[in-house]
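The values are calculated or read from the model by the stated rules, or taken from the named source; none is laboratory data. What you are looking at is a predicted structure, and each value in this text was computed from that prediction instead of being measured. Glycine gets a Cβ as well: all are built from the backbone with ideal geometry, and neighbour counts include every protein chain shown. Surface accessibility is based on the protein's heavy atoms, side chains included, excluding ligands, DNA and RNA. Shrake-Rupley method; radii C 1.70, N 1.55, O 1.52, S 1.80 Å.
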Amino acid sequence: MTQILPSTETNQPLLYPHNNSNPTITSMDVQDSPRKSYWRCSKQDFFPEPSFKDLSSYRTALFQICPRLKDRLLSRSTETHELVTLRRESENPMQKCLTWWDLMWMSFGSVVGSGIFVITGQEARYNAGPAIVLSYALSGFSALLSVFCYTEFAVEIPAAGGSFSYLRVELGDFIAYLAAGNILLEAVIGAAGLGRSWSSYFASMINSKNPDFLRIKIDSFADGFNLLDPLAVVVLLVANSIAMSGTKRTSFLNWIASIATAFIIAFIIVVGFIHFKSSNLVPYFPEGAEGVFVSAAVVYWAYTGFDMVATMAEETKNPSKDIPIGLVGSMSIITVVYCLMALALTGMVKYTEIDPNAAYSVAFAQIGMNWASYLVSICALKGMTTSLMVGSLGQGRYTTQIARSHMIPPWFARVHPKTGTPINATLLTTILSAIVAFFSSLDVLSSVFSICTLLIFMLLAVALLVRRYYVKDVTSKNDSVTFFVSLFTIVGSSIGVTALWNSGVRGWIGYVVASVIWCSGTLGISLLHKHRVPKVWGVPLVPWLPSLSIAMNVFLLGSLDYKAFLRFIICSAVMILYYLMVGVHATYDVAHQNPKETEAEEGR
């Protein structure tokens, strides 16, 4: 029996099974038809929607692009649709096998990669000096604000799509599609970059004079694409194969490797403080406050990766307890660890003597511990390996939820009945990242900066404010106007501060005015009535913390160069073209299928 309950969480009634306020999906829900081969492959498996039935149907659909696009822009998904209906596309359920302990170490393994060993030396030497500790603290605080937003959404909407599902519910299909497409692109490029870095690091341990000696040079290829890297491809295939074999197995291997890394990091910190000299911290601000903020924008990338862990909510045993402890707890610890590592480095070696390319290895050599440099290399290799494994898990689940919505062929949404993992989706991201890693050099990959990560973090903060204060057809007209004016005020003042900083203006008047405008916008939202209150766990100090998250992410976005925005514009244009040709028609057909059929599916 199905019970229709009025929802305070979405714009439409939610359909929940009787006497169960937390809808879940079981193997019986997704396996109510005879077992089919997982590897079947036909046109119906890729394009089952009526718009792609034949050429005539597709031609008719193309003539309806404008009304269909308008429909998709104005409509939003519901929590029940993301949690119940879409999961039926996977045919088999993912296994609920993760606890807060697993999530904590997965976050640690995903975030603590090679970045801390590379970025710290570069920024301490050229920008922040000993104040690199403050740069890590500022970036860690900004990342923690985003973690808060992720955590509330993951508890309330524990779907595999992560930010894609959250944005789809609050801001609509189109914004969610652009965000998901760009973050998948970043994930593929990031995985390829990690594979190339792993190869370079391993080669330098064998032959420090030639980190490319394991690569195959093809003179006829263009520069940047003429060093073929088969080892990077092997590393990617191994890491992704582990991820496809089972979530719990990957979590266990990550836990073992991360425990070893934790001991190595503890060793680095202890040795650093034993050889600590306070005179090395003078001057503390060699480049002033500007150097600290510039470094904060750069070292922020050492914190990225936790968003992939949020996609594991569907496989978490108790999301309301495990996700807050796992994500917030791990990121708090990681921030402290990063600050301690940065302080140990700058206290052990004068910042002007830090090697920007191998800071910790050279620092140990300078104090007569050459053997310890191998520990740093092993730790970096381990960090890259676990980042690849956890990243593969997240990429596969992002792709799965996107395929469930039919924005890409639903063939990629299938979950394997034995492993309980989305093998098709993981294979897609694995093959793409392996091809990119095989041909593209690190300098080519590094030129493709990640603008989408910060943009999604900002959009999630906006979505959280929308979730709390605005419900379509429920919020009064006056409150709606106040909310959106205040929201635009927050974003506008944040852009103003960023523009002032990037233009070189350092007078206090402009910043004070922009800050007052930001406070007025946030205060305007705080005076409104909250239409939604989280059931279990929520972001504290709303709207102030989400508003601060918007400001900090806009500021960090402003630190990126024009190449990042150019890449974003080009990639978004390609994605929009695909959406107009395929995605909008597929999602329109799914959204407008027989209402009775949809109700029956959600009821089940």
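Tabulated results
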item: Accessible heavy-atom area order of 201, 166, 374, highest first, probe of 1.4 Å; result: 374, 201, 166
item: Out-of-range pairs (alpha-carbon distance over 22 Å; input 382/563; 217/563; 317/382; 70/472; 350/563; 321/535); result: 382/563; 217/563; 317/382; 350/563
item: Ordering of 152-164, 360-372 by packing [mean C-beta count within 10 Å, highest first]; result: 152-164, 360-372
item: Cα long-axis angle, helix 173-206 against the chain (0 to 90 degrees, to the nearest 10); result: 30 degrees
item: CD proxy at 222 nm, helix term only [per DSSP H run n ≥ 4: -39500 (n - 2.57); per residue of the chain; nearest 500]; result: -20500 deg cm²/dmol
item: Residue 435-residue 56 FRET efficiency (beta carbon distance; Förster radius 25 Å; 0.05 resolution); result: 0.10
item: Cβ-placed point charges (K, R +1; D, E -1), dipole of region 476-584 about Cα centre in debye, nearest 20; result: 180 debye
item: Crossing angle, helix 230-245 versus the chain [Cα axis fit, 0-90 degrees, rounded to tens]; result: 50 degrees
item: Projected label distance in nm at residue 97 and residue 580, using a 7 Å step from Cα toward the beta-carbon; result: 4.4 nm
item: Inter-site label distance for residue 38 and residue 63 at 7 Å from Cα along Cβ, in nm; result: 4.4 nm
item: Geometric extent, Cα atoms of region 247-360 - Rg, Dmax (angstrom); result: 17.5, 51
item: Whole-number percent relative contact order across the chain, with pairs defined as alpha carbons under 8 Å at least 6 apart; result: 26 percent
item: 0 to 90° range, to nearest 10: angle between helix 115-126 axis and the chain longest Cα axis; result: 50 degrees
item: Trypsin sites (Lys or Arg not before Pro) lying in DSSP loop within region 234-343, provided at most 16 other Cβ fall within 10 Å; result: 277, 317
item: Set of lysines near residue 43 by C-alpha distance (under 23 Å), chain-local residues within fewer than 8 positions excluded; result: 53
item: Rg/Rh for region 367-507, where both radii come from Cα atoms and Rh is the Kirkwood radius; result: 1.12
item: Cα-Cα P(r), region 373-436, percent of pairs per 5 Å interval; result: 4, 18, 21, 20, 14, 9, 7, 5, 3, 1
item: Tensor-based shape of region 442-594 (alpha-carbon gyration tensor, a/c under 1.5 rounded, otherwise prolate or oblate); result: oblate
item: Sequence-separation-based contact order of region 452-535, relative, with Cα cut under 8 Å and 6+ spacing, percent; result: 43 percent
item: Trypsin sites (Lys or Arg not before Pro) lying in DSSP loop within region 185-216, provided at most 11 other Cβ fall within 10 Å; result: 209
item: Residue 116 - accessible surface, heavy atoms, 1.4 Å probe, Å² rounded to 10; result: 0 Å²
item: Rg/Rh (Cα only; Kirkwood hydrodynamic radius) as it applies to the chain; result: 0.97
